[in-house]
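As structure tokens, the structure follows; a few thoughts come after it.
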Amino acid sequence: MDVLYTIFIDPFVQMAEAPDFLLQVVWEGFVAGILYALIALGFVLIYKASGVFNFAQGIMVVFAGLSLVGLHEMGVPALLALIMAIGVMAILAICIEKFVMRPLVGQPDIILLMATIGMTYFLIGLGEFIFGGEPKQMITEELGLPTGSTAFEMDNGGLVILQHIDIAAAVIALIMVGGLAVFFNRTRIGRALRAVADDHTAALSVGISLNQIWAIVWFAAGIVALATGIMWGARSDVSFALEIVALKALPVLILGGFTSIPGAVIGGLIIGIGEKIGEIYWGGLVGGGIESWLAYMIALIFLLFRPQGLFGEKIIERI
Amino acid sequence: MNMNSMLAGTLLAGLAASFAAPALAADSVYIQLPTYRTGPYAGSGIAIANGMSDYLKMINARDGGVNGVKIEFDECETGYDTQKGVECYEQAKAKNTLVFNPWSTGITLQVIPKSSVDKIPVLSMAYGLSAAADGTTFPWVFNPPDTYWDALSGIIKYIGEQEGGMENLDGKTIGYIFLDAGYGREPIPLLEDLASEYGFEVKQYPVAGKEMQNQSSQWLSVRRDRPDYMIMWGWGAMNPTAIKEAVKNRFDMSKFIGVWWAGGDDDARAGGAGAKGYKAISFNNVGADYPALQDIKKLVIDADNSETPESQLGENLYNKGVANAVYMVEAIRTAQEETGKTVINAEDMRVGLENLELDEARLEEIGLKGMISPMKITCKNHSGHNPIFVQEWDGEKYTPASDWFEPMTEKVTPILMEASKEYATSNAPWPEREEPCPE
């Protein structure tokens, strides 16, 4: 009976007794979810355009962040370093299209996946060669991003603390999602991109330049990676360990669907908030540390009932 | 013999030669330095690698080596990965290294059984298996100047002093945030023992390696549990993230104490002004004013023969790397005295380590008086359980927050000896020490 109480009643009693703390947990989960969603967005962009699961998205986050901080360390003013980092991601996109994607057109998806794994290790090596292996502090204040926090005192005497950088992350993520939605649905390039995603050959036959579209979409994924690198770097540091955190986007993608931008956001929020609530209120029952696998469990259960994800396209292939 | 088989034979011979021991000069010895300048733990690994490498270069440049014997060394990149570390060990063995420094508890645990077979001493300075301090069971493993259990007992002793006596720990709650790996789990048995003895409650907060930069859940739990003190066993990217999260959650930094490996300058710096008051237990002081470090600056860094940025010289982790190299150099010197040889081998190096003693006079002579405490290793005691102290981050650098004090050796030793016996039993048949230690 005690076991049932501990699992099914006690966590909710804790939530009711300390609503300020519950609010804080939900907020932290929301911020983590936004960051997961940003990483997942990068995956979705590439997958939509080329059907490739871009294993290199995590290292692109690190590489973009390191470029920004590394350039600033070399004496480049922060805003100019930001523009130059965007330039670095543009060059990277062009190189990926020219030297990786173009030679592999028409190859099976697994070959393209392997190519992105190869790119991951190449970018790790290149990043360490250029910027060194030390973690670097994000230039948050220099970029004009807010620092510090605001604490709200609740009726029960508890505190809810909101970090200004987390609020900025949420706002920037929403702007990026909105911008990308407009880009995909309202612009000529966006429509061309969707055509390429549907059928490469058909898109080519109506005069859409596959090469140009791929370069653009990898560049867009690079911009998303830079935004993620800045936001996550401000919360901890820009280090190669971030590359592993980026794999948290996997359950988000399973949940939200590999082709849906709103799906990435909703999936990110479900995973972010779900894992925080799970860890805080139920993690102690099994010694803690459940966060690292809980997200995958949520995604796996979801997969059993809706394999295409919340907003993914259900594809039926005729045999 | 046709052309193809000749070519294959030549290639095989070349391959074999590349794996053979290096052709060392008659008056030199070889040491491999396993390091990690890349990967998620590079933030901690680089400063240590620089400290070790610079000190050895300085000894070669200033003194022409140890008693005229140059120390040839190279680095083997492990990335803090156990498998790569074991590969480095095999390479080191093939190249007749005098000693193997794993720089990872995981790698240490893997090479301990190999070391007694290969007769290569393992020097795991202030990390690795605490029970390996028992020289009678682990004749080839050394963990001076202190074990992890010394570190933990020292932290608990310090907390007891802050509370006005060990008896006041009764009813307190101490949080333990740790890297969920062999390293972070190593002190848990002792922590649980001390908790039951002194009546405090322990709350554990494991951090998975892949979640090092994503610790908000752990710190939300800390905020909910409100422990009186927090102890951290972190490494690499885990440390700055934990300090930032502690600041963010408004934890009282004066009650947040890390093990010596969580005492990097960059770790504390990441927390900004809010990190002021953060503490770490230590077996070495910071600063670059020691004569030996000034020699490093003059002969190695200024001579453009180093990867160390000048700002790193004298920082906490850099000086720990220097300390590791000092123990190796002084063990070589001791081995030369004990064996009468100048060019020693790995078995002689073990003799050197088992007789290593650095007293005040010797530390002054080598220009490091005050940076590390006097220490002594014996045949039976491969750690020494030497004095330690607490450092505090003042916003810019670490400063001493306590005098040097002894860890709780009387508590640690019986548990350590029991753990040593258990290790030998569970790894039976564990090789017996060939020559008994003198009584």
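The values are calculated or read from the model by the stated rules, or taken from the named source; none is laboratory data. Keep in mind the model is a prediction, meaning the values are calculated, not measured. For neighbour counting, all protein chains shown are included, and Cβ atoms are generated from backbone atoms with ideal geometry for every residue, glycine included. Accessible surface is based on the protein model in full, side chains and every heavy atom, while ligands, DNA and RNA are left aside. Shrake-Rupley method; radii C 1.70, N 1.55, O 1.52, S 1.80 Å.
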Subject >> Cut-off 14 Å between beta-carbons: net charge of the residues surrounding A:Pro135, Lys and Arg +1, Asp and Glu -1 >> reply: -3
Subject >> For chain B: accessible area per residue (Å², 1.4 Å) >> reply: 37
Original post:
So what are the ³J(HN,Hα) numbers for region A:36-45, from phi and the Karplus equation (6.51, -1.76, 1.60; θ = phi - 60°), rounded to whole Hz, Gly and Pro as x?
Top reply: 4, 4, 4, 5, 4, 4, x, 5, 4, 4
**OP:** First check a/c for region A:196-278, with a ≥ b ≥ c the square roots of the eigenvalues of its C-alpha gyration tensor; if it is under 1.5, answer rounded, and if not, answer prolate when a/b is larger than b/c or oblate otherwise.
**Re:** oblate
Subject >> FRET E, pair A:Ile167, B:Ile188, Förster distance 30 Å, beta-carbon r, rounded to 0.05 >> reply: 0.20
Original post:
Rounded to the nearest whole Å³, what is the per residue volume of the convex hull around the Cα atoms of chain B?
Top reply: 162
Subject >> Cut-off under 5 Å, modelled amide H: who pairs with A:Ser149 long-range >> reply: A:His164
Original post:
Taking amide hydrogens as modeled 1.01 Å from N in the peptide plane, which residues meet the under 5 Å criterion relative to B:Gln391, leaving out close sequence neighbours?
Top reply: B:Ala280, B:Ile281, B:Ser282, B:Ala401
**OP:** Roll a 1.4 Å probe over the protein chains and send me the accessible area per residue for chain A in Å².
**Re:** 45
Subject >> For region A:45-95, alpha-carbon Rg over 2.2 N^0.38 Å >> reply: 1.30
**OP:** List the residues whose amide H sits under 5 Å from the amide H of B:Gly135, counting only those 5 or more places along or on another chain, with H placed 1.01 Å from N in the peptide plane.
**Re:** B:Asn381, B:His382
Original post:
If you roll a 1.4 Å probe over region A:2-305 with all protein chains in place, what percent of the accessible area is carbon or sulfur?
Top reply: 70
Original post:
Taking a probe of 1.4 angstrom, what is the accessible area of B:Met166 in Å², to the nearest 10?
Top reply: 40
Subject >> Rounded if a/c under 1.5, otherwise prolate or oblate - region B:17-176, Cα gyration tensor axes >> reply: prolate
Subject >> Shape of region A:2-305, Cα gyration tensor, a/c cut at 1.5 >> reply: prolate
Original post:
Label B:Asp118 and A:Ile111 with points 7 Å out from Cα along Cα→Cβ: what is the distance between them in nm?
Top reply: 4.2
Original post:
Per residue of chain B, what 222 nm ellipticity follows from adding -39500 (n - 2.57) for every DSSP H run with n ≥ 4, rounded to the nearest 500?
Top reply: -13000 deg cm²/dmol
Original post:
Residue separation times 0.36 nm, minus the C-alpha to C-alpha distance between B:Glu167 and B:Glu338: what's the value?
Top reply: 56.9 nm
Subject >> Area of B:Glu338 that stays accessible when all protein chains are in place (1.4 Å probe, Å², to 10) >> reply: 110
Subject >> Where B:Leu179, A:Leu71 fall by accessible area, highest first, once all protein chains stay in place (1.4 Å) >> reply: A:Leu71, B:Leu179
Original post:
On full extension of the chain, what length is gained from B:Asp359 through B:Gln294, given 0.36 nm per residue of separation minus the C-alpha to C-alpha distance?
Top reply: 21.3 nm
Subject >> Listed residues B:Lys421, B:Lys369, A:Lys248 arranged by accessible area, highest first, probe 1.4 Å >> reply: B:Lys421, B:Lys369, A:Lys248
**OP:** Determine the principal axes of the Cα atoms in region A:68-201, then give the extent along each, sorted from largest to smallest and rounded to whole angstroms.
**Re:** 62, 38, 28
Original post:
What accessible area, summed over both chains, is buried at the A-B interface (1.4 Å probe, Å², nearest 100)?
Top reply: 2900
**OP:** Mind checking which of A:Ala37, A:Ile91, A:Gly144 is farthest towards the positive end of region A:2-305's charge dipole, using Cβ charges of +1 (Lys, Arg) and -1 (Asp, Glu) about the Cα centre?
**Re:** A:Ile91
Subject >> Solvent accessible area, Å² - A:Arg102, 1.4 Å probe, full protein context >> reply: 100
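Would you mind calculating the gained length between A:Ala202 and A:Glu17 on full extension (0.36 nm times residue separation, minus the Cα-Cα distance), in nm to one decimal?
Additional length available on full extension: 60.6 nm.
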Original post:
Using a simple charge model, +1 on the beta-carbon of Lys and Arg, -1 on the beta-carbon of Asp and Glu, nothing else, what dipole does region A:2-305 show about its Cα centre, in debye to the nearest 20?
Top reply: 1460
Original post:
Short version: ³J(HN,Hα) in whole Hz for each residue of region B:175-189, in order, from phi by Karplus 6.51 cos²θ - 1.76 cosθ + 1.60 (θ = phi - 60°), x for Gly and Pro, what are they?
Top reply: x, 10, 9, 8, 5, 6, 8, x, 4, x, 7, 3, x, 4, x
Original post:
Ranked by accessible surface with a 1.4 Å probe, highest first, in what order do B:Trp261, B:Trp430, B:Trp404 come?
Top reply: B:Trp404, B:Trp430, B:Trp261
Original post:
Rounded to the nearest 500 deg cm²/dmol, what is the calculated helix-only ellipticity per residue at 222 nm for chain A, with -39500 (n - 2.57) per DSSP H run of length n ≥ 4?
Top reply: -21500 deg cm²/dmol
Original post:
From the backbone phi of region A:156-172, what are the Karplus-calculated ³J(HN,Hα) couplings (6.51 cos²θ - 1.76 cosθ + 1.60, θ = phi - 60°) in whole Hz, Gly and Pro given as x?
Top reply: 7, x, x, 10, 10, 9, 10, 6, 5, 5, 5, 5, 4, 4, 5, 5, 4
